[in-house]
Amino acid sequence: MASITSADVAREAGLSRATVSYVLNNTPGQTIPERTRRRVLEAAERLGYVAHPGARALRLGRSDAVLFPLGEVSMTYVFGHAVNACSAALNRHGFTLVADATRYESPEAAANAWLRLGPAAFIDLTLTIDDPAVVRMVAAGIPRVAADLEVPPGLAAIDVVSLEARRLQFVHVAERGARRVVFAASPPLLTSGKWPRLGERLESLAKELGLELAIEPVEQTRDGVVDAVARWVASARPPDAVCGDSDDLALPILSALTARGVDVPGDMLVIGVDDIPASRAMSPALSSVAVVVEQMGEALAAGVRTAIEAPDSPARYAPPEFHIMCRDSTNRRVLPLAT
């Protein structure tokens with residue numbers, strides 16, 4: 001049976017071949033009404049039209065792939081959802097997201113692999129701007145889609161985003177009367193090359209809010225969590241609040257505290273980051289900093305489209321928005337912060 005062509009799609013949709021070609025090829029610089037775009041895509045779906053990737057790339061001078069290097073980021077529940085949201089948003093505009101979590105032996109090896117892919121653009125969230133792989137991609141003419149943030153040297157956009165989540169944690173517990181706060185983090189974070197810069201900024205955020213901050217490594221094991229909780233409870237000046245660097249760490253801390261008879265939130269507040277489903281199922285339920293995943297996916301997709309349609313202009317995406325999910329573990333009366 002003969003394969004379905006764009007001419008078949010044009011007849012099915014009742015539109016010109018040029019219009020159908022613009023939609024199917026996602027041609028930059030063409031303004032197609034959304035209603036017309038849907039009409040073309042629905043006709044293509046009914047007929048089972050599939051573009052030949054090689055021919056399509058030859059016509060456009062690029063592939064439909066959008067590269068998303070994940071770097072050293074752990075694929076947490078929320079980050080996985082953000083990648084899926086970005087993939088779905090890009091797919092609606094004819095692009096395929098390629099999320100690469102490979103741990104390459106060097107930046108040169110990473111750049112070689114990414115350049116072989118021939119992406120239409122790459123999303124820069126997890127890499128530093130001076131990363132050799134980023135420099136090579138930009139030099140090769142691959143549009144870079146960067147966060148609309150001021151990112152200090154040596155850090156990546158995701159680090160700045162993460163600091164905003166920590167700031168919200170600190171504000172939340174400070175409003176509820178906490179003054180001695182523990183930031184509990186997994187040891188790999190505290191031994192990473194970025195930590196001196198991140199730790200300094202974290203301490204600065206706490207100081208601005210009048211908080212006494214202790215940054216402590218906590219192994220995400222039963223013994224690691226139990227030992228940390230025992231140490232805090234036995235301290236002459238126990239913390240008023242524990243801010244976990246993720247829900248995965250905050251949840252066992254909350255469990256260990258309640259097992260020792262600590263009144264949460266009466267004597268100690270606990271809050272995490274990511275708002276994973278288990279946070280809601282816990283008793284007491286865990287407060288958490290949640291990211292608006294759908295907004296992040298749409299913002300990334302919009303940045304990619306801008307990069308492809310106007311490759312000579314800087315392409316930016318709006319950083320993700322956060323909000324506090326206040327539950328049992330911090331459900332205490334809000335107090336005015338000292339100024």
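The values are calculated or read from the model by the stated rules, or taken from the named source; none is laboratory data. Because the structure is predicted, anything quoted here is derived from the model rather than measured. As a convention, Cβ positions derive from the backbone with ideal geometry for all residues, glycine included, and neighbour counts pool all protein chains shown. Please note that ligands, DNA and RNA were not included when accessible areas were found on the heavy atoms of the full protein model with its side chains. Shrake-Rupley method; radii C 1.70, N 1.55, O 1.52, S 1.80 Å.
Of the residues screened, PRO314 is one that is surrounded by fewer than 15 Cβ atoms within 10 Å (Cβ to Cβ) and under 17 Å from LEU149 (Cα atoms). Checking ASN84 against (1) farther than 19 Å from PRO188 by Cβ; (2) of a type outside the set (A, V, I, L, M); (3) over 20 Å from the mean Cα position of the chain (by Cα); (4) at pLDDT 85 or above, which test does it fail? Looking at each condition in turn, ASN84 falls short on (3). Look at (1) in contact (Cβ under 8 Å) with a residue 60 or more places away in the chain; (2) in a loop (DSSP other than H, G, I, E, B); (3) farther than 24 Å from ARG180 by Cβ and you find that ALA307 fails only one, number (2). Note on region 277-292: among residues that are open to solvent by less than 20 Å² (accessible area, probe 1.4 Å) and in contact (Cβ under 8 Å) with a residue 60 or more places away in the chain, the one that is farthest from ALA99 (Cα to Cα) is SER287. Restricted to region 63-91, and to residues there that are more than 30 Å from LEU24 (Cβ to Cβ) and among the polar types (S, T, N, Q), the residue that is most open to solvent (accessible area, probe 1.4 Å) is SER74.
So, VAL270, is that one part of a strand (DSSP E or B), farther than 22 Å from SER74 by Cα, of a type in the set (Val, Ile, Thr) and touching a residue at least 60 places away in the same chain (Cβ under 8 Å) or not? Quick ask: steps written out before the conclusion?
Values: part of a strand (DSSP E or B): yes; farther than 22 Å from SER74 by Cα: yes; of a type in the set (Val, Ile, Thr): yes; touching a residue at least 60 places away in the same chain (Cβ under 8 Å): yes.
Answer is yes for this residue.
If we scan region 237-253, do we find a residue that is open to solvent by 40 Å² or more (accessible area, probe 1.4 Å) and under 25 Å from ASP159 (Cα atoms)?
Taking region 237-253 as the starting set, the residues that turn out to be open to solvent by 40 Å² or more (accessible area, probe 1.4 Å) are 237-238, 248, 252.
Okay, now just the ones that are also under 25 Å from ASP159 (Cα atoms), so 248, 252.
Yes; the residues of region 237-253 include at least one that is open to solvent by 40 Å² or more (accessible area, probe 1.4 Å) and under 25 Å from ASP159 (Cα atoms).
Residues that are closer than 26 Å to ASP124 by Cα and in a loop (DSSP other than H, G, I, E, B) were ranked within region 317-332; the one that is least open to solvent (accessible area, probe 1.4 Å) is PRO320. Pairs only if they're at least six apart or on different chains, beta carbon under 8 angstrom, first in region 158-175 and over 22 Å from LEU125 (Cα atoms), second surrounded by 21 or more Cβ atoms within 10 Å (Cβ to Cβ) and of a type in the set (Ser, Thr, Tyr); list them, first residue then second. From residues that are over 22 Å from LEU125 (Cα atoms), the pairs are HIS172/SER287; HIS172/THR330; VAL173/THR330. Restricting ASP275, ASP267, ASP328 to those that are at pLDDT 90 or above and in contact with a Phe, Trp or Tyr (Cβ under 9 Å, 6 or more places away or on another chain) reduces the list to ASP275. Residues that are open to solvent by less than 60 Å² (accessible area, probe 1.4 Å), among the aliphatic types (A, V, I, L, M) and under 20 Å from the mean Cα position of the chain (by Cα) within region 113-132 comprise ALA121, ILE123, LEU125, LEU127, listed in sequence order. Being part of a helix (DSSP H, G or I) and among the polar types (S, T, N, Q): is that true of SER162 here? Taking the combined requirement at face value, the residue satisfies it. All conditions but one from (1) modelled with pLDDT of 85 or more; (2) over 22 Å from ASP240 (Cα atoms); (3) basic (Lys, Arg) apply to ARG260; the one that does not is (2). For region 173-213, a tally of residues being in contact with a helix residue (DSSP H, G or I) (Cβ under 8 Å, 6 or more places away or on another chain), more than 20 Å from ALA156 (Cβ to Cβ) and part of a helix (DSSP H, G or I) returns 2.
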